[in-house]
Amino acid sequence: MTEAEKCAMGERGFMKYRRQEAEYRDPRTRVRDFNAVEIPLNEADLRRQAARCMECGTPFCHGHGCPLGNIIPELNLLVHGGWWNEAVDLLRSTNPFPEFTSRVCPAICEASCVLNLNDQPVAIRQIEMAIIEQGFKSGYLAPMPPKTRRSGKLAVIGSGPAGLAVADAVNRAGYGVTVFEKDRRGGGILRYGIPDFKLEKWVLDRRLRLMEAEGIGFKLGVTGGEEVSVDFLRKHFDAICLTGGAREPRDLKTPGRELRGIRFAMEYLVQQNRLLTGEIEKIDPELDAKGKEVVIIGGGDTGADCLGTALRQGASRVLQFEIMSRPPDTRPASTPWPMWPNIRRESSSHKEGGERRWSVNTREFIGRDGAVSGLRGVEVEWAAGPDGRQKFREMPGTEFEVEARLVLLAMGFAGPGRNRMADDLKLELDARGNIRVDDNHMTSHEGIFAAGDMARGQSLVVRAIADGRDAAMGITEYLRHKKTIQNRLG
Ligand SMILES: Cc1cc2nc3c(=O)[nH]c(=O)nc-3n(C[C@H](O)[C@H](O)[C@H](O)COP(=O)(O)OP(=O)(O)OC[C@H]3O[C@@H](n4cnc5c(N)ncnc54)[C@H](O)[C@@H]3O)c2cc1C
């Protein structure tokens with residue numbers, strides 16, 4: 001029995017301690033800045049939370065919940081015993097970037113924790129953040145370039161979480177890796193979509209510095225397929241991995257859509273993130289919410305990020321509309337444990353202000369002098385149609401009109417959209433317009449791989465990382481095989 005196991009023996013923390021949530025800064029003051037809103041738990045509280053883990057025979061958090069397969073019960077054991085370096089090593093063995101997932105992941109692991117059956121889950125996300133931050137703070141996480149270098153080079157196109165995960169794993173295997181990113185800074189949506197109040201950008205910069213020190217090359221402001229052609233990449237690299245994301249926004253084809261002041265959520269969030277990093281000096285006035293009535297169409301996470309941003313910019317009023325009906329507050333029978341529950345979620349932004357409305361359809365935008373001034377909507381009711389699929393019907397007498405001087409469309413994404421590299425290579429797409437890949441993440445073109453949202457559609461940071469890590473296995477296998485054949489042929 002290890003020391004950690006001895007330490008946890010007989011603890012049965014789930015009988016003694018309640019779940020403890022992280023604290024958040026006061027909503028009244030935090031809306032005056034863009035800094036992180038969450039205050040992590042302190043070490044004593046964390047170790048108590050870790051003791052709540054039942055170390056169940058079948059840990060659903062690990063096998064069913066976490067797309068990365070984080071070995072959560074053992075991590076809890078190590079944290080409870082104060083074995084921080086061992087916990088860092090174990091966490092790093094499955095998750096290359098715990099500092100991202102522990103800040104932005106919806107924590108699917110917690111929804112599948114066995115304690116949900118009659119109690120509250122272990123605070124797994126907080127424990128993950130503590131492990132990785134302790135690793136950085138103590139200096140244990142120093143650059144670890146590979147000890148031996150192999151011949152074989154990979155070009156990664158796109159530096160979002162998927163691209164970074166591919167680069168990290170293939171570099172660790174000893175192959176040369178260069179990441180090409182069309183934006184001025186690396187990180188993809190982590191950098192330009194997710195606001196600082198959820199993920200401060202020093203967290204990203206710290207990781208990028210570490211990756212550079214481990215030997216990964218970053219070519220920023222370079223678009224794959226344009227500034228560097230497919231031919232150039234194929235000539236200079238042995239394999240290419242496309243990780244360009246899925247940013248084609250869903251549009252709302254409704255009368256008045258052409259009015260000024262109706263913009264996509266990502267355009268809005270990118271501007272604010274660029275302002276904070278000093279890439280631009282001021283926001284496009286059309287995208288500045290200050291003093292305006294703002295309507296966000298789309299009730300998901302992207303919409304919530306717009307809401308928090310609009311409040312910080314000084315919007316006079318923020319409304320968030322969702323066409324689906326309001327989900328229940330407690331886990332419904334349709335999504336039993338250990339499934340991800342279909343419940344109403346409240347992000348930190350919703351606690352800061354604004355108003356959410358469900359079952360609302362936007363009928364038309366109204367304007368003055370070419371700019372949006374409001375919208376007309378109606379309430380809807382959902383019911384199963386003859387084919388069994390849910391359909392909505394407008395409710396007579398519920399029509400309404402609201403003022404809006406900035407409308408943000410946050411209705412999700414329709415796939416990767418047109419991509420010069422995919423076009424040049426004539427890559428096959430799947431039925432949803434994503435790049436088709438096989439079990440090794442190879443596309444229809446030999447030596448060209450794809451991972452993350454580009455291959456699976458817009459999803460989660462944790463899934464993009466898991467995809468990148470899995471693609472790296474296919475890539476290293478391909479590079480090894482290719483070099484063996486080249487050597488045999490002389
Ligand atoms: C506003 C918003 C908020 C979100 N919040 C969360 C959250 O809180 N938690 C969560 O888990 N998920 C969240 N998501 C989803 C998550 O961010 C994505 O699933 C994830 O970032 C996908 O990673 P990726 O690497 O596949 O793509 P991306 O992050 O989109 O990165 C793709 C990168 O490729 C670059 N690129 C594209 N084409 C080229 C080219 N030809 N040459 C060079 N570079 C190129 C892009 O510039 C970009 O940097 C959010 C998404 C959005 C839009």
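The values are calculated or read from the model by the stated rules, or taken from the named source; none is laboratory data. These numbers come from a predicted model, not from an experiment. Counting neighbours? That spans all protein chains shown, and the Cβs are built from the backbone with ideal geometry, glycine included. Accessible surface areas use protein heavy atoms only, side chains included; no ligands, DNA or RNA. Shrake-Rupley method; radii C 1.70, N 1.55, O 1.52, S 1.80 Å.
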Count - residues of segment 152-192 that are farther than 21 Å from residue 268 by Cβ and more than 6 Å from the ligand (Cβ to nearest atom): 22
Is at least one residue of segment 475-482 within 15 Å of the ligand (Cβ to nearest atom), polar (S, T, N, Q) and touching a residue at least 24 places away in the same chain (Cβ under 8 Å)? no
Determine if segment 116-135 includes at least one residue that is on the phi > 0 side of the Ramachandran plot and either out of contact with any Asp or Glu (no Cβ under 9 Å at 6 or more places or on another chain) or open to solvent by less than 30 Å² (accessible area, probe 1.4 Å) (or both). no
Among the residues that make up segment 432-441, is at least one of them at pLDDT below 95, within 8 Å of the ligand (Cβ to nearest atom) and open to solvent by 10 Å² or more (accessible area, probe 1.4 Å)? no
Among the residues listed as 315, 310, the single one being part of a loop (DSSP other than H, G, I, E, B), open to solvent by less than 40 Å² (accessible area, probe 1.4 Å) and within 23 Å of residue 401 (Cβ to Cβ): 315
Suppose we keep only residues that are out of contact with any strand residue (DSSP E or B) (no Cβ under 7 Å at 6 or more places or on another chain) and open to solvent by less than 30 Å² (accessible area, probe 1.4 Å) within segment 442-455. Which one would you say is nearest to residue 167 (Cα to Cα)? 452
Every residue from segment 193-221 that is open to solvent by less than 30 Å² (accessible area, probe 1.4 Å), near the ligand (Cβ under 9 Å from one of its atoms) and either in contact with a Lys or Arg (Cβ under 7 Å, 6 or more places away or on another chain) or among the charged types (D, E, K, R) (or both): 199
Which one of 297, 280 is at pLDDT 95 or above, buried (at least 16 other Cβ atoms within 10 Å of the Cβ) and among the β-branched types (Val, Ile, Thr)? 297
Condition first: hydroxyl-bearing (Ser, Thr, Tyr) and outside any strand (DSSP E or B). Can you find one or more residues in segment 362-369 that meet it? no
Count of residues meeting criterion [assigned to a helix (DSSP H, G or I) and within 16 Å of the ligand (Cβ to nearest atom)] in segment 98-125: 13
Count, please, the residues in segment 318-341 that happen to be within 19 Å of the chain's Cα centre (by Cα) and either on the phi > 0 side of the Ramachandran plot or open to solvent by 30 Å² or more (accessible area, probe 1.4 Å) (or both). 1
Complete set of residues in segment 68-93 that are over 20 Å from residue 41 (Cα atoms) and of a type outside the set (D, E, K, R): 68, 69, 70, 71, 90, 93
Of the conditions (1) modelled with pLDDT of 95 or more; (2) buried (at least 22 other Cβ atoms within 10 Å of the Cβ), residue 80 satisfies every one except a single condition; which number is it? (1)
Selection status of residue 270, assigned by TED's automatic domain parsing to the domain that holds residue 370 and in contact with a Phe, Trp or Tyr (Cβ under 7 Å, 6 or more places away or on another chain): yes
Residue 289 being within 21 Å of residue 453 (Cβ to Cβ) and among the aliphatic types (A, V, I, L, M): no
Any residue at all in segment 244-262 that is open to solvent by 50 Å² or more (accessible area, probe 1.4 Å) and part of a helix (DSSP H, G or I)? no
How many residues, within segment 194-215, are free of Cβ contacts under 8 Å to residues at least 60 places away in the same chain and either under 16 Å from residue 102 (Cβ atoms) or within 16 Å of the chain's Cα centre (by Cα) (or both)? 1
Which ones in segment 453-467 are small (Gly, Ala, Ser), closer than 18 Å to residue 204 by Cα and within 8 Å of the ligand (Cβ to nearest atom)? 464
Among residues of segment 169-183 being among the charged types (D, E, K, R) and under 20 Å from the mean Cα position of the chain (by Cα), the residue least open to solvent (accessible area, probe 1.4 Å) is 181
State which residue is farthest from the ligand (Cβ to nearest atom) when the search covers only segment 401-425 and only residues that are at pLDDT below 90 and basic (Lys, Arg). 418
